[in-house]
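Report on the following structure.
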Amino acid sequence: MSTPVTSSPILKVTSASKRFAGVHALEDVSIELHAGSVHALVGENGAGKSTLIKLITGVYQLDSGSVQLRGEDVAFDSPRSAQRAGIATIYQEVHLAPQLSVARNFFLGREPTRLGSLDLKRMNREAGDALKRYGIVADVKRPLGELGLGIQQMVAIARAVETDASVVIMDEPTSSLEPREVDLLLELVAQLKAKDVAIVYVSHKLDEVFRACDTITVLRDGKLVSTGPTKELTRRQLISRMLGRDAAELEKDGRTKLAGHSKTIEGEPLLRAEHLNRRLILEDVSVVVRPGEVVGLAGLLGSGRSETAKAIFGALPLDSGEIEVGGKALTHQTPASRIRERVAMLPEDRKAEGLIPDMSIRDNIGLAALPQLTKAGLVSRKRVDDIVKTFMTRLRIKAAGPNQKVSELSGGNQQKVLLARLLCLNPRVLLLDEPTRGIDVGAKAEVQALVAELAEKGMAVVLISSELEEVVEGSDAVVVLRDGAQLGRLVGDDISEDKIMDLIADAASEQIEAVK
Amino acid sequence: MTTLAANFRDRTAVAAWTREHGVYVALVLLIVYNAIATPNFVTVDTVQLLFSQVPPVIIVALGIGTGGVDLSVGSIMAIASAVLAKFVVGGTPIGVAMLAAVAAGLLVGVFNGLVVAFARVQPIVATLGVLVAGRGIALVITGGALVELFVPFFKTIRLGKFIGVPYVMIVAALLAVAVAFLVRRTAFGYRLLAIGGNRRASVLAGLPVRRTLIVVYAISGTLAAVAGVIATARLRASDPSYIGLLMELSAITAVVVGGTSLNGGRVRILGTVTGAILLQLLESTLVSHNAPDSVARMVEAVIIIAAVYVQRPARSSR
Amino acid sequence: MTAPATKQQKPVAVAADHGGREAARARARALTSLISRNGAVAVLILVVVLGALIVPSFGKPDNLRNVALAASFIGIIAAGMTFVIICGGIDLSVGSTYALATIISAMYAPRGSFIAVLYAMLAAGLVGLVQGLIIARWRLPAFIVTLAGLTGVRGLVYYITNEGNDHPKIEGRLAFEALGTGSLATIGTPVWIMLLVFAIGWWALNRTPFGQSVQAVGGNQDAAELMGLPVKRTQTIVYVVSGLCAGLSGILTTALSGGGQEARIGDAYELSAIAAVVIGGTLLSGGVGSMVGTLAGVLLLFVIQNLIVQGANLNSYVQQVVSGGFLLVVVILQAVLSRRTGTSET
């Protein structure tokens, strides 16, 4: 699996550093990429992987340090110039144009032309052939957006790979992929390797890392921890380097701070959302949560987890379904009605759906509880100040003061501001969509501990996380979703990553059978 | 590393300060320039003239400053003017007639709000439709002709002063204060800023977005109607094809130059007022220096660009 | 260290249909766009047919020719506007640029057709270029930059016409006037030119790398940047295109009328152009749009106005109310439709 490394690196990054608003995202990191070698870049969220990639690919510019391509200094000022130099990147999100056809997307930015006009015949033919080579069967004339996220990602990958690049960077390429597609991808990686392409594989899926990569670089808190051949590292060692904790200690503690399925939950459900249906989005999904219980929603990207949470919260219109909180039936699909019933939701995308960026911490926290904080239409400054102070202390929000703009805070503190907003409502049901995504390790642990504490106090919690082990370790019950439909509900000892992946994979194979 | 960071901080601090206070500095500079270069500038007359001309723009700009893009304000002015004329000609007492005119503006504003909030049509397009239809409605009400109005109260509006300050300016100032209070101290204002800052997040936080939007456009319409009444008084006639023409451009310019972000989220009432005064003064300056109207427009264009350039949000990465 | 027990399967061809819900959702989106786009065409055909039946004078060939001719000037401007809007921007300055080209082509007529047309197009293109650069490089909001353009260029027009007192006229006959006054198969040349512009526009949008870029950038600018597309260049070019279209329309106006236009000509043309584009199914948010739709939108606007004048004999004020009302009805329907098919969020 591992190839002897050739002498000089294709791409060399030396002492790269980058700061954002005074916080160092990357500090003195060096890395060497060799042709025909697959180099893994691992680390927790906030470790600096994304920043390093963006520095290499021209999205960001270095504060200090240098990048050399084939021995020559380079400084890319845009993704375009990096691509021109032969560095192709595959991102976690599909950045193609969904309204254009598959073939057009495949050739986006490098279209073959005849007399200035797109050579559509050639585009369709070559795109079809290329995709078939990668094991994808799709009608290349259809708009890309009509295909599943997994296929879209595969098209994006195929596009990047076809560009004759000498360096291919893959940033979490498998997050939307089925197990079968993951295999295809890794095959592709092997093919690239054989063509002497230097590959960077950023992933937190350690199975894939060990399976496909020759070298592993570990980042933590923006600094380089170690770089070395895969075969010289055990899984446990790798994890301990990523987290900065002793390996044995980890075994004892459990990886997350969540404390799931250790107790049996009894009692009447506090939240009952059953047979939720929304054309094209959800199909007969049910979630029942008792006080003190944590129910996890598991599934791949695009499986409908966020949509379920939004539907429960009244932020997504439903065609049919019953939602009850504390025995009271809720008929209006509006977030305001939920908030009145003390149901609160932490949205998945805190930037787009949560924070008011130019507003202060204070104003962001008080937002949802506004009715309680106003008297005769006027906002009671004192009440707001009191409540903000309470929660800033309790959640240990690190900031220059309550009047600082939230856009200036770190991801972890931003998340805490949103949590504070929810807690202001004194909720009894909490819907958390990716509560620890994109925040540093320390804050992550704090948030996880908070969730456990709240559940302990009797709150009903619905937990969504793309980190399967967070869901597995933190939940008393897990609902597995795929394509908007419910595959099953796991409880107690049945909750495991393997079982969840099995459920998802089985459903996939059934579908392929049906298509045949 | 420290000097680099320090320089960076200094530069962004300067940029931030300019963003906040640029318009005030510009106004002061313009006043100073006029004091030196324009004869008879530092007189009571000049100030009074300025203060009697600028209020309509201020008032309309207040509405746009809180509500965002509203292209229909000019047409709303025309409708208010037409309704006023209709009632006055019909013999109604002036007070009631003015109320009716303002009510008409309120109604159109509510209509705008309904289309934007419920039909979820983008504000530019919705208010564009009302702009076109609205002026037509105004023309239909008066039958297309200019209607001369002989109303004694209009003279008071036009010429009345309190301690030397024209009534209309006092009205504009009071409205500015009221709007500022609304935006900064009330729950409504809080919601307004939140919705402007991030509409989706506001929905998810349980804010009554649709209701707020309707009120916002209602306010914009009402204010435009008030400006229309003042303009009618000044003209001593209701001319639906002329009143409020291009007003939306002047108002939007004043708002933008004054530092309010058109997407919402940042409201600068004082900046808006200052922006309106700055633009009016600019025109007067050019007039008194015999610069033609055309030059005034070109200078205005440059100022708008300079204003948004200065207010560019600092880039967080790069 | 043992390999984790994942199912190691031989990679199998993956069928592209497993995104059942996602696929159906995207199909719905396509349907909405299709309806919006061809909806304009369908409504146009409907209105023309019904109009001809109900209002006899409307259906007369002479009248239809006139409507087409009248529509061609805004039509050409709207063609350029379509590019700008699909790319995620907006151009409020087209009315002023149009006026600039009108005046300049008349002013330089004494120097011959070639110079007159060249100077006018250069001026119009320059206006577009400057705005495009400011928007693309300085990243200033298009609405405001082109608002400044509207004001500034109008000022320029008044400046060069001595505060609107000059109305440059073409003396004698000039070659390029034929573009305006000529006709082919009894249909005025400007109409043919408009059709040509739309044809070229369609080709550029759907059959060139540039067109792909325009759609991608308009759909998601950041994503387009990451995919290595020339975002700044694309954004700049669409404003140049818009300016040139406004310029062409201005030249044709002078060609048709022989000059003598007032400095305030083209006032509010940008609004009609935007209305036509929106009615035609192009989304103001960008990424999705159609040249055919815009063409239908322009024709629809003028047909309706003509019908009102011919049929109801209502004064022009009611015309305005109907036009504005029509625009509102159309966009409201579009918005409601997109919600029904589940393509927009709460």
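The values are calculated or read from the model by the stated rules, or taken from the named source; none is laboratory data. On a predicted model such as this, the values are computed, not experimentally measured, just so you know. A quick note on method: Cβ atoms are made from the backbone with ideal geometry, for glycine too, and the neighbour counts reach across all protein chains shown.
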Exercise for review: Exactly one condition in (1) surrounded by fewer than 24 Cβ atoms within 10 Å (Cβ to Cβ); (2) in a helix (DSSP H, G or I) is not met by residue C:140; state its number.
Suggested key: (2)
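From the list B:64, B:58, B:79, exactly one residue is over 25 Å from residue B:195 (Cα atoms) and either surrounded by 24 or more Cβ atoms within 10 Å (Cβ to Cβ) or in contact (Cβ under 8 Å) with a residue 60 or more places away in the chain (or both). Which is it? Break it down stepwise before answering.
On the way: B:64 fails: over 25 Å from residue B:195 (Cα atoms); B:58 fails: over 25 Å from residue B:195 (Cα atoms).
Residue meeting the stated conditions: B:79.
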Check your understanding: Looking at this structure, is residue C:144 modelled with pLDDT of 95 or more and within 21 Å of residue C:287 (Cα to Cα)?
Key -> no
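Quick grid of which residues meet (1) assigned to a loop (DSSP other than H, G, I, E, B); (2) within 25 Å of residue B:303 (Cβ to Cβ); (3) among the polar types (S, T, N, Q); (4) free of Cβ contacts under 8 Å to residues at least 40 places away in the same chain:
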| site | (1), (2), (3), (4) |
| --- | --- |
| B:207 | yes, no, no, yes |
| B:227 | no, yes, no, no |
| B:241 | yes, no, yes, no |
| B:249 | no, yes, no, yes |
Point to revise | Pairs, first touching a residue at least 12 places away in the same chain (Cβ under 8 Å) and within 7 Å of chain A (Cβ to nearest Cβ) in the range C:201-224, second in a helix (DSSP H, G or I) and of a type in the set (A, V, I, L, M, F, W, C), C-beta under 7 Å, six or more apart | key: C:215/C:86; C:216/C:224
Study note, to complete from the structure: Of A:69, A:41, A:52, the only residue that is modelled with pLDDT of 90 or more and closer than 16 Å to residue A:166 by Cα is A:69
Exercise for review: Considering only residues that are touching a residue at least 60 places away in the same chain (Cβ under 8 Å) and part of a helix (DSSP H, G or I), look in the range B:112-136 and name the one that is farthest from the other protein chains (Cβ to nearest Cβ).
Suggested key: B:113
Review point. So which residues in the range B:26-46 are surrounded by fewer than 16 Cβ atoms within 10 Å (Cβ to Cβ) and either within 20 Å of the chain's Cα centre (by Cα) or of a type in the set (D, E, K, R) (or both), if there are any at all?
Key: B:45
Practice item. With respect to residue C:301, determine if the residue is at pLDDT below 85 and either facing chain B (nearest Cβ under 10 Å) or outside any loop (DSSP other than H, G, I, E, B) (or both). Key: no
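Working carefully through the options A:84, A:125, A:114, A:133, find the one that is under 30 Å from residue A:299 (Cα atoms), without any contact (Cβ under 8 Å) to a residue 40 or more places away in the chain and surrounded by fewer than 19 Cβ atoms within 10 Å (Cβ to Cβ).
Among A:84, A:125, A:114, A:133, only A:133 is under 30 Å from residue A:299 (Cα atoms), without any contact (Cβ under 8 Å) to a residue 40 or more places away in the chain and surrounded by fewer than 19 Cβ atoms within 10 Å (Cβ to Cβ).
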**Study point:** residue A:140 vs. criteria assigned to a loop (DSSP other than H, G, I, E, B), in contact with a helix residue (DSSP H, G or I) (Cβ under 7 Å, 6 or more places away or on another chain) and closer than 23 Å to residue C:219 by Cα
**Key:** yes
Practice item. List the helices (runs of 4 or more DSSP H) that sit entirely inside the range A:264-375 and contain at least 2 residues that are modelled with pLDDT of 90 or more. Key: A:305-313, A:335-340, A:361-366
Exercise for review: Select, from B:299, B:310, B:257, the only residue that is free of Cβ contacts under 8 Å to residues at least 40 places away in the same chain and either farther than 22 Å from residue A:356 by Cα or surrounded by fewer than 24 Cβ atoms within 10 Å (Cβ to Cβ) (or both).
Suggested key: B:299
Exercise for review: Considering every residue within the range A:316-335, establish whether at least one is crowded, with 22+ Cβ neighbours inside 10 Å and in contact with a Pro (Cβ under 9 Å, 6 or more places away or on another chain).
Suggested key: no
Check your understanding: So residue B:248 fits all but one of (1) over 27 Å from residue A:384 (Cβ atoms); (2) within 14 Å of another protein chain (Cβ to nearest Cβ); (3) surrounded by fewer than 21 Cβ atoms within 10 Å (Cβ to Cβ); what number is the exception?
Key -> (3)
Revision key, fill the gap. Scanning the range A:182-210 residue by residue, those touching a residue at least 40 places away in the same chain (Cβ under 8 Å) and either within 14 Å of chain C (Cβ to nearest Cβ) or small (Gly, Ala, Ser) (or both) turn out to be A:184, A:187, A:188, A:189, A:194, A:198, A:203, A:206, A:209
**Study point:** Answer from C:65, C:137 - the residue that is in contact (Cβ under 8 Å) with a residue 12 or more places away in the chain, among the charged types (D, E, K, R) and within 14 Å of chain B (Cβ to nearest Cβ)
**Key:** C:137
Study note, to complete from the structure: Filter the range A:91-137 for residues that are at the interface with chain C (Cβ under 10 Å from one of its Cβ atoms) and aromatic (Phe, Trp, Tyr); the one that is nearest to residue A:182 (Cα to Cα) is A:134
Exercise for review: Can you give me the ranges of the strands (runs of 3 or more DSSP E) entirely in the range A:1-109 with at least 3 residues that are under 25 Å from the mean Cα position of the chain (by Cα)?
Suggested key: A:11-20, A:23-33, A:38-42, A:87-90
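One line per residue, one yes/no per condition, for (1) surrounded by fewer than 24 Cβ atoms within 10 Å (Cβ to Cβ); (2) within 20 Å of the chain's Cα centre (by Cα):
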{"residue": "C:86", "(1), (2)": "no, yes"}
{"residue": "C:89", "(1), (2)": "no, yes"}
{"residue": "C:99", "(1), (2)": "no, yes"}
{"residue": "C:113", "(1), (2)": "yes, no"}
{"residue": "C:116", "(1), (2)": "no, no"}
{"residue": "C:120", "(1), (2)": "no, yes"}
{"residue": "C:148", "(1), (2)": "no, yes"}
{"residue": "C:155", "(1), (2)": "yes, no"}
Practice item. Tell me which of these residue A:348 doesn't satisfy, since it passes every other one: (1) facing chain B (nearest Cβ under 9 Å); (2) under 30 Å from the mean Cα position of the chain (by Cα); (3) of a type in the set (D, E, K, R). Key: (1)
Check your understanding: For residues in the range A:199-222 being in contact with a strand residue (DSSP E or B) (Cβ under 9 Å, 6 or more places away or on another chain), assigned to a helix (DSSP H, G or I) and not β-branched (Val, Ile, Thr), which is modelled with the lowest pLDDT?
Key -> A:206
Point to revise | Residue in the range A:220-243 that is nearest to residue A:34 (Cα to Cα), counting only those that are within 14 Å of chain C (Cβ to nearest Cβ) and among the aliphatic types (A, V, I, L, M) | key: A:233
Review point. What number goes with the only condition from (1) more than 24 Å from residue B:172 (Cβ to Cβ); (2) within 12 Å of another protein chain (Cβ to nearest Cβ) that residue B:300 does not pass?
Key: (1)
